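Here's the structure we're looking at; comments come further down.
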Amino acid sequence: MNKKQKKNLIRILVSAGLMILLHFVPASGWIRFVLYMIPYLLIGYDILWKAIKGIIHRQPFDECLLMAIATVGAMALAISENGDYTEAIAVMLFYQIGEWFQSYAVGKSRKNITDLMDIAPEYANIEQDGHLEQVDPDDVEIGSTIVVKTGEKIPIDGVVLDGKASLDTAALTGESLPRSVHQGDEVISGCINMDGVLKIRTTKAFEDSTVAKVLELIEDASSHKSHSENFITKFARVYTPIVVYSAIVLAFIPPLIQCLMHTQPQWGTFLYRALTFLVISCPCALVISIPLSFFAGIGAASHEGILVKGSNYLEILSEIKTVVFDKTGTLTKGVFEVTNIHPEKISADELLHMAAHVERYSTHPIANSLKKAYPNEDDDCVISDAKEIAGQGMQAMVNGKLVCVGNAKMMDAMGICWQDCKDAGTIIHIAIDGVYAGHIHISDVIKPHTKQAISELRKNGITDVVMLTGDSQKVAQRVAEEIGIQNVYSELLPQDKVKKVENLLQNKAKENDRLAFVGDGINDAPVLSRADIGVAMGAMGSDAAIEAADVVLMDDDPLKLATAIHISRKCLRIVKENIWFAIGVKVLCLILSAFGLANMWLAIFADVGVMILAVLNAMRCMFIHSIEPNS
């Protein structure tokens, strides 16, 4: 609890204690009134002051005015009738209890979001004249070398020049396991260095770094309201004056009719009914619990490393029936790896050994994958006369033997009979002194949780899962079959992806379905903007994709999309429960009040009791757990 919450809790406890204590004090008349005014003003002074300020600023119609009129009227009735002031105090007391629950719930859900806000670094260490100097991250230029010590946050995105360490990425990605980095690895700002010292060359300015982007997304999230929140805002704006005028009618019209009918007018009875009507009509349960539900839902998503840019996107996410995935970098890692080795004349290890030697001087991604698969390539072998043949591959002399590493075109050009491979992907053929030695299969690797993510999406009510890719049909079909996707569109250019999504949107519009597109690359930005809701892979995704997206998955795990949809659907279910429950109870109690079948205690339940129950129900949004990956 913060200081304000502690102060209000003390007010509640003291006022409740005084109200109970005064019940046993044998006072009467004005002395009794003055004694009961102490707990009343103690618990209600801020509500009364807000009501007065609302009248001064000509914006009177809110719950504070309703509470003020109802409780002051109840106190006035008690003075003229039986001197029982407990009803007025109880109305204020229970209202403040409901407000305290709401404040506590907001604080809990805000903590999940402020945990992300804490990623902002206060300084960056720059080495000058052999000493570390702390400077503002905004003052660090691209290409500068910064030093991050144990326990410090990485202030700016960059590449590790020296050192190795374990990074705590929990605030950004929701992952509890640390990430190990060493020389050559890319690192993002906001992570905490758990051990070791890192020298990092910055690749972005602070304003363009991951931490700055995340903070900007969080700050903007509250400005995007959902349809449900907009409905409640408009509802309260119209509803409050209607019930105030209805209460006035209830207080004065029936007694006036009685006067006209020459019967004894029951001014006190109908004034009491009007006051009860006002307390019941207070829309606190709706005005507080609906935004709180969305706020708590966004907080729960943030805790799992899912940034939702506004409650309107959380609402749309809950309505998704079709999910369209980009392949490379979204369902797959987006990096080439050696997946199979098929030797002919030599061992698999020797075949990979020779290929890595020839590709030593190449910077091609395929060359990098071969060198990564055989990291101890720099041995005693003698390599000379290395040259690249455009569109075919590399060749070099290794220990006096001519080794050719390339595609089928290279083998054909050299008149070498080569073997085809049934595996879909990139095939690298190797020949030694004109004799075919075998081939190596290289392909993009599917992310560990991709298959489970597709399965969980279907469990969460997703009817159609589609994959779009620029890769060949053979590669796309292999990936789709492995992860369980039936609808595949391959060999697409960026503009083709937009057209395909537009076609899907037109078909889904007839069925009133919503469509989400999930991507990570700069070429995905137009599609992310075009979809009903765009989801970007955050940690490795391009800036353009993150800017265009409505939801950002900070750890690039497609399983988090299933978690996001699960959170959104439970959140919207709770919102609808609160709307129907609050309106249903209020309508029933308002009817009972108008006919004199409800007293102030029932009014307290209809107002504060319903609000507390709605807030407690909304708090369930904070405890929606992520979908755990299969071991």
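The values are calculated or read from the model by the stated rules, or taken from the named source; none is laboratory data. It should be emphasised that the depicted structure is a prediction, and the values quoted were computed from it without experimental measurement. Because the Cβ atoms are built from the backbone with ideal geometry, glycine has one as well, and the counts that use them run over all protein chains shown. What goes into the accessible areas is simple: the full protein's heavy atoms, side chains included, and nothing from ligands, DNA or RNA. Shrake-Rupley method; radii C 1.70, N 1.55, O 1.52, S 1.80 Å.
A few remarks follow.
- Its DSSP H runs of at least 4 residues, each contributing -39,500 (n - 2.57), put the calculated 222 nm mean residue ellipticity of the chain at -16500 deg cm²/dmol, to the nearest 500.
- In degrees, nearest ten, helix 284-303 long axis to first principal axis of the chain (Cα): 20 degrees
- Charge-dipole axis of the chain as Lys and Arg at +1 and Asp and Glu at -1 on Cβ define it, positive-most pick from 97, 198, 392: 97
- Figure note: 612, 146 ranked by solvent-accessible area, largest first, 1.4 Å probe, ligands and nucleic acids not counted: 612, 146.
- Burial order of peptide ranges 13-19, 462-468 (average beta-carbon count within 10 Å, highest first): 462-468, 13-19
- Annotation: per residue accessible area for the chain equals 47 Å², rounded to a whole number [probe 1.4 Å, protein chains only].
- The base-10 log of I(q)/I(0) for the range 331-419, evaluated at q = 0.25 Å⁻¹, reads -1.53 [Debye formula, identical scatterers on Cα atoms, solvent excluded].
- Taking every protein chain into account, the 1.4 Å probe leaves residue 139 with about 110 Å² of accessible area, to the nearest ten.
- Against the criterion of solvent-accessible heavy-atom surface with a 1.4 angstrom probe, 153, 7 sort, most first, into 7, 153.
- For the range 14-63, the pair-distance distribution built from all alpha carbon pairs, in bins 5 Å wide starting at 0, is 5, 19, 21, 16, 12, 12, 10, 5, 1 percent.
- Residue 101 exposes around 60 Å² of accessible area when a 1.4 Å probe is run over every protein chain in place.
- Area accessible to solvent at residue 104, 1.4 Å probe radius, in Å²: 80 Å²
- The chain: angle of helix 210-221 to the longest principal axis, Cα-based, in degrees nearest 10: 30 degrees
- Compared with the dominant principal axis of the Cα atoms in the chain, helix 559-594 is inclined by about 10°.
- Among the protein heavy atoms of the chain, carbon and sulfur supply 57% of the accessible surface, probe 1.4 Å, non-protein parts ignored.
- Using θ = phi - 60° and Karplus 6.51 cos²θ - 1.76 cosθ + 1.60, couplings along the range 443-449 (whole Hz; Gly, Pro as x): 8, 6, 8, 5, 5, x, 9
- Peptides 256-267, 407-418, 300-311 ranked from most to least packed, by the mean per-residue count of other Cβ atoms within 10 Å: 300-311, 407-418, 256-267.
- Greater than 24 Å apart at Cα, pairs in 327/508; 153/447; 387/474; 204/372; 3/576; 149/447: 153/447; 387/474; 204/372; 3/576; 149/447
- Built amide H within the under 5 Å cut-off of residue 334, gap 5+: 329, 445
- Sorting 131-138, 451-458 by their mean Cβ neighbour count within 10 Å, with the most densely packed peptide first, gives 451-458, 131-138.
- Relative to the globular-protein estimate of 2.2 N^0.38 Å, the Cα radius of gyration of the chain stands at 1.33.
- In straight-distance terms, cross-link reach from residue 53 covers every one of the aspartates and glutamates whose alpha-carbon lies under 17 Å from its own, apart from those fewer than eight places away in the same chain; here that gives 62, 63.
- Contact order normalised by residue count of the chain, Cα under 8 Å, 6+ apart, percent: 15 percent
- Sequence of 150, 426 when ordered by accessible area, the most exposed leading, probe 1.4 angstrom: 150, 426
- Computed over the Cα atoms of the range 523-631, pair by distinct pair, the Kirkwood hydrodynamic radius stands at 17.2 angstrom.
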